[in-house]
Amino acid sequence: MATNEGGDVGDEDGQGDQGNQDDQQAIPITGEELRETFPRAGARDSGDISVLELPGREAATVPNSNVLRPELAEQLEHDLYAHQAEALEALECGKNICVATSTASGKTRIYALQIARHYLDARERAAETGAGKGRQNGGEKTGAVSGPTPTAYICYPTKALSRDQERELNDFYDDLGLDITVRVYDGDTERGETRRQIREEADIIITNFAGVNTYLHDHDRWARFFSACDLVVIDESHTYTGVHGMHVAWIIRRLKRVLASYDADPQFILTSATIGNPGAHSSTLIDDQVTVIDEDGSPTGPRELVLWNPPPQSSEKDGDRAGAEDAVTDRVPATVEAPRLLSHLTYHDAQTLLFTPSRKLAELSVKRAAKHRRDRSRYYTNPDRGSAIEPYHAGHSRRNRHGTEHQLKTGVLDGVASTNALELGINVGEMDATVQLGYPGQRQSFWQQIGRAGRGSKRALSVLVAGHRTLDQYVVNNSEYLLENDVEDAVVDTENDAVFAQHLLCAAAELALDESDAGAGGLADRERLEQAVEMWRRAGKLTGHLETGVSYTGPPRPQRSISLYATTGEEYTVELADGVDERHDPEMEPLAEERVLRDFHEGAVRLHEGQQYEVCAVDHTTPRPSVTLRPTDVAYHTRTRTDVTVLDAVSEESREIGTFTLHFGRGRVLVYHDAYDEVAIHGGKKQAQQLPTGNPPLSMETQLCWLEVPERVESTLVERYRDFSVPELDSDLADTAHLGYAGGLHAAEHATIGVAPLELMVDKRDLGGLATLSIDSHLASATADENGDDETSVGEDPAPQNIAAAEATVRELAMGLERKPASGWFIYDGIDGGLGFSRAIYENFEAVARRARDLIENCDCGRIDGCPACVMDDQCGNDNQPLHRGAAVDVLDHLLASASGDGSVLGSDLPIDDGEDGDRDGNEGGNGAGDEDEHETGEVDDRRPPLFYA
């Protein structure tokens, strides 16, 4: 019988627990017991700890015989979950599917069984044609298929997951008595004969998309496998978003193109965590229609969810609660608190998995867990109890990782501190508890991680330890957010021309381009394709025309220039300085140009895996640019100053949100990392300031959206906050009535970017913003007006070489405007060509604004300028000045009220007018000439600074 209990083929931890309530036994320690027993005064009475009870769910099953042929149905010990049956029925109808259900819900079993069905169908066809017995595989298996056996290509996101699933799938087919061979083929696979044998003999090949990108060049070597390929599986498809998702989408298009040349037309199966838009995301990835299966029929056990906000630092020192200001800004770091909880849970016999955001923290957490036990020996009287805790991350050797996985599964280890490497499906058995060091950024990742404990109908405990970040504090103070049915949308975009152009070269190197590559079912529409071909033809890398065939003529293997995590092929290798012992080699991955300019300029001091390194040279000019490091030991780290501006923005779409106007378009973002400070490690004092980096500006043609605030709202809020001041601020804005309002725009910009991951699967680090009192001076129309030219092409003029020159450009444009400009803020994609993130925010702006408003309003920091949990941002180029929480809430309140048509919020605040919004050109309407409010507004406008942006 193919039971595979505990195996990830079908995630069988739960498949054998259907409706068995006896398995819902008590966990070693409950959430309330954790609060009561944790060795710190006041923990049990703390309002910063809340315990939520999440109910379980019984399994919904379908008899195997309803869906599967007898040879398979009779071999399976347990019935199919309802979603497995639905998926297999859709596949039987020839559909592509995306299965978006919870962790341990048996998604792997769906494609395992579909492959088995294809194999049996082929065997049946061979028998009907009298093809013979075929291969016998050493006589151990019978009933094999003769002739071309159907093949399947499975892509996993990590090598560790690939090898775990290779074992599970081979065991599954052995149990079924099927002669199906599963092999892994990736960068770790031995070259030469081993690779040739896999290509020529394996029925299922497991790989990753970095490998697919490379192997497509030699597709003729894969002729046997590709010509028989009838299934492509994309596992954990929700992980393919942003830049990485963009590249994967193009690699899939190239793969389909090569498969079609071998007359293969495979079905696609995508398996995903629960996301908000599985259908749209999957369709964009594979460029085809997809049927979504998201009614989860698997069981879940009850779970206690503990939201643990670490206490103020002073609570540990003297037992007294700090004031409101310190309560948020000076809490015990999650990096300290989470390892303590790991240690405490394992002491109480709960096998626990701690998720950390980095390899370094995985290692440090194990040491901190042991130190916590030693420091509180009066409580932990048996120091060896539950002390077998190990780190786990991709930096460990494959042998070490497998050893850790086995020890977890067999109960030898009491706990593990891991990166998200253990989030994605690797079978480690049934854990009692999970601890998360900080909110992982998206709900799908949150549920994926906590789902590693209590699989099936087992009861489980999960603890989220909040950090000081905006998202963490929002989640622990708004627990209902985690329980909402709506989940973030995954964002993948194929409109980035730089990425498209790279993959077009690869496609041409694989198979000559022709007219079939244009239009529906091709690589791009005709115009886009011809423009890209012409660009590369002029560059000497393509030759020919679509009508007769376009061939690649550039350097060999353009696939090697593809970086799956950057929009251009420009990556910097990291090297050790001459004469430095190789044992100090940081073994860092190549760096994108954006990160080199920001973090790895000459003179920068960076901490990597616990070792300080100084950047002693950066080579921008050679074909293979590089960063050279040497180990150092100094009492400071460096912090790069960042200044940003937007030029030549062009609105491609716009929509009204009540009286506000929201735009989406493209523009040129100029980022200046031209100075840095040396900051003391202890105390944070700046030891040296404004040291030049020597960096050129980073110019990006990217996607952006921007909000224009109505003049009446602006005037009202300028007047309301005109007495606000920031004594240390030195700028044109400092002594004007606009300071408080500008601080509100700045705070709202920070908050909307900060909470965007609550609605969308976006990385905050890939977004940037700009708050301004003069949006018009950043638009292409302003440049056209200044030059007397109606053209609105983006970014043709050379970029100002420093921030002072950029400010002068914007100031000149602002002073030359013929009408009063709009105020508001921009949000842009921080990647050349764009990512689709700002478009997603444009489409979901009201929801993002609502989250931002609640975050700011509900923060208990008590500060006008906010704190890191609400509106401060450590990436702010203006040192978080000015910021005004109250003004930000007012702006967002007006926006949301305007969106809903709620005049009661607006009416009490705004000046009385004749029903029309004020005309920025000064024409009649709004607060007309002679109106008392117009006079007051005019006085404010006279003092309006010509330049402000943050």
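Observations
- Residues of segment 149-188 classified as in a helix (DSSP H, G or I) and of a type outside the set (F, W, Y), total: 16
- Flag not set for L471, criterion: free of Cβ contacts under 8 Å to residues at least 60 places away in the same chain, outside any loop (DSSP other than H, G, I, E, B) and over 27 Å from H348 (Cβ atoms).
- Picking from residues in segment 201-236 that are crowded, with 21+ Cβ neighbours inside 10 Å and of a type in the set (D, E, K, R), the one that is nearest to V184 (Cα to Cα) is D203.
- Filter pass, D263 being in contact with a helix residue (DSSP H, G or I) (Cβ under 7 Å, 6 or more places away or on another chain), surrounded by fewer than 21 Cβ atoms within 10 Å (Cβ to Cβ) and outside any strand (DSSP E or B): yes
Residue by residue, here is whether (1) surrounded by fewer than 22 Cβ atoms within 10 Å (Cβ to Cβ); (2) more than 23 Å from R765 (Cα to Cα); (3) of a type outside the set (D, E) holds:
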| site | (1), (2), (3) |
| --- | --- |
| G411 | yes, yes, yes |
| A421 | yes, no, yes |
| Q436 | no, no, yes |
| R443 | no, no, yes |
| Q449 | no, no, yes |
| A460 | no, yes, yes |
| G467 | no, no, yes |
| E480 | yes, yes, no |
| V487 | yes, no, yes |
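- Options G925, G886, G915: the member that is surrounded by fewer than 20 Cβ atoms within 10 Å (Cβ to Cβ), of a type in the set (G, A, S), in the same structural domain as E719 (by TED's automatic domain parsing) and at pLDDT 50 or above: G886
- The one condition from (1) crowded, with 24+ Cβ neighbours inside 10 Å; (2) closer than 21 Å to F660 by Cα; (3) touching a Cys at 6+ places or on another chain (Cβ under 9 Å) that C867 does not meet is (2).
- Residue that is farthest from D874 (Cα to Cα), among those in segment 590-608 that are at pLDDT below 85 and not charged (D, E, K, R): P590
- Residue pairs whose Cβ atoms lie under 9 Å apart, separated by 6 or more positions or on different chains, with the first residue in segment 892-906 and assigned by TED's automatic domain parsing to the domain that holds A748 and over 12 Å from F660 (Cα atoms) and the second at pLDDT below 90 and of a type in the set (G, A, S), are V905/S898; L906/S898.
- Unmet criterion (only one of (1) in contact with a Leu (Cβ under 7 Å, 6 or more places away or on another chain); (2) at pLDDT 95 or above) for D79: (1)
- The listed residue being in contact with a Gly (Cβ under 7 Å, 6 or more places away or on another chain), of a type in the set (D, E), at pLDDT below 95 and within 23 Å of N400 (Cα to Cα), out of D186, D164: D186
- Flag if R374 is free of Cβ contacts under 8 Å to residues at least 40 places away in the same chain and either over 14 Å from L413 (Cβ atoms) or not acidic (D, E) (or both): yes
- Hits in segment 751-776 (condition: more than 11 Å from F826 (Cα to Cα) and either among the basic types (K, R) or in a helix (DSSP H, G or I) (or both)): A751, G754, V755, A756, P757, L758, E759, K764, R765, D766, D776
- Within segment 688-729, the set of residues being of a type in the set (D, E, K, R), assigned to a loop (DSSP other than H, G, I, E, B) and either at pLDDT 90 or above or within 30 Å of the chain's Cα centre (by Cα) (or both) comprises R722, D723.
- Output for segment 330-363, where each listed residue is more than 21 Å from M431 (Cα to Cα), hydrophobic (A, V, I, L, M, F, W, C) and in contact with a Gly (Cβ under 8 Å, 6 or more places away or on another chain): A334
- Condition met for G519 (of a type in the set (G, A, S), over 23 Å from the mean Cα position of the chain (by Cα) and outside the structural domain of C867 (by TED's automatic domain parsing)): yes
- Among the residues of segment 863-873, those that are of a type in the set (D, E, K, R) and farther than 18 Å from Y672 by Cβ comprise R863, D865.
- Scanning segment 388-406 for residues that are in contact (Cβ under 8 Å) with a residue 12 or more places away in the chain and either closer than 12 Å to L353 by Cβ or surrounded by fewer than 17 Cβ atoms within 10 Å (Cβ to Cβ) (or both) yields A388, I389, E390, P391, Y392, A394, G395, R398, H402, T404, E405.
- Taking the listed residues L364, L413, the one that is among the hydrophobic types (A, V, I, L, M, F, W, C) and closer than 25 Å to R163 by Cα is L413, with no other qualifying.
- Some residue of segment 790-799 being among the small types (G, A, S), under 21 Å from W706 (Cα atoms) and either modelled with pLDDT under 80 or not assigned by TED's automatic domain parsing to the domain that holds G242 (or both): yes
The values are calculated or read from the model by the stated rules, or taken from the named source; none is laboratory data. Predicted model only: the values in this text are computed from it and were never measured. As a convention, Cβ positions derive from the backbone with ideal geometry for all residues, glycine included, and neighbour counts pool all protein chains shown.
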